[in-house]
Ligand SMILES: [Zn+2]
């Protein structure tokens, strides 16, 4: 600590940055499974299997927000996105082909395209929340300080939450209100007004687009969720509390030991 560290798009996801500041991803991960979050925080989880989904999301953002020449430079810098042989050589691989189509679906609404065009992109800010240092990188920050996150979703169908044993709206399942709440608080600490926070999302399943703003009630619930989860994280990092294992995620599954039969 104390040494000067300037966060950039390049070092934002580095180990050094992760050690120094928490992010909304940490809070969302800890809310889902404290044990998996701690393992990841301590560098015990490899992320290979998540790569295609990550790459798809980044490609969607690039196709939506970058001007033509910059977008082509982005593609040139990521040869893994394009097929390297056969008649499709140089074109996007099949699993990524939908990303620019989703970007186009967003651009089709002049209202949304206007917002995307005038917003500042990838705004990095730091602050402190619930006593812990936090960093965030916001996809879009509007002139009035409103914050929007871009999401490429598999679909907009409700998702079954095994912990809560109920179907949740896609944005609730992924805890996006917590993410936007954290963005809003850190932005306000940095002098922005943030009259509105929301998502601009497109669905791979049917190319549908949704623009959702989170109202006061949802933000209040997100504030309480964030405070509780971050308090647990602080206690776990201080060694005062043991992380709780959800018993259902990939990390918990990888450590599962059967000791008896389950009577059904
Ligand atoms: Zn788990």
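Every read-out reported here was derived from the displayed coordinates using simple, explicitly stated rules and does not represent laboratory data. Everything numeric in this text was worked out from a predicted model, so none of it was measured. Counting neighbours? That spans all protein chains shown, and the Cβs are built from the backbone with ideal geometry, glycine included.
Structure summary
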| read-out | value |
| --- | --- |
| Cβ-Cβ FRET estimate between residue 8 and residue 111, R0 fixed at 41 Å, reported to 0.05 | 0.85 |
| Inter-probe distance in nm under a simple model that places probes 7 Å from Cα toward Cβ, at residue 51 and residue 143 | 4.2 |
| Among beta bridges that DSSP assigns inside the chain, antiparallel share in %, nearest 5 | 70 |
| Residue exposure sequence - 72, 78 - by fewest surrounding Cβ within 10 Å | 72, 78 |
| Fewest-first ranking of 60, 54, 214, using other Cβ atoms within 10 Å as the exposure measure | 54, 214, 60 |
| Euclidean distance between Cα centres, the stretch 92-126 to the stretch 180-227, Å | 17 |
| Percentage, to the nearest whole number, of Cα pairs in the chain over 26 Å apart | 48 |
| Computed [θ] at 222 nm, deg cm²/dmol, the chain (DSSP H ≥ 4; -39,500 (n - 2.57); rounded to nearest 500) | -12500 deg cm²/dmol |
| Extension gain (nm, one decimal) between residue 260 and residue 211, 0.36 nm per residue minus Cα-Cα | 12.8 nm |
| Most to least packed among 22-34, 153-165, 182-194 [average Cβ atoms within 10 Å] | 22-34, 182-194, 153-165 |
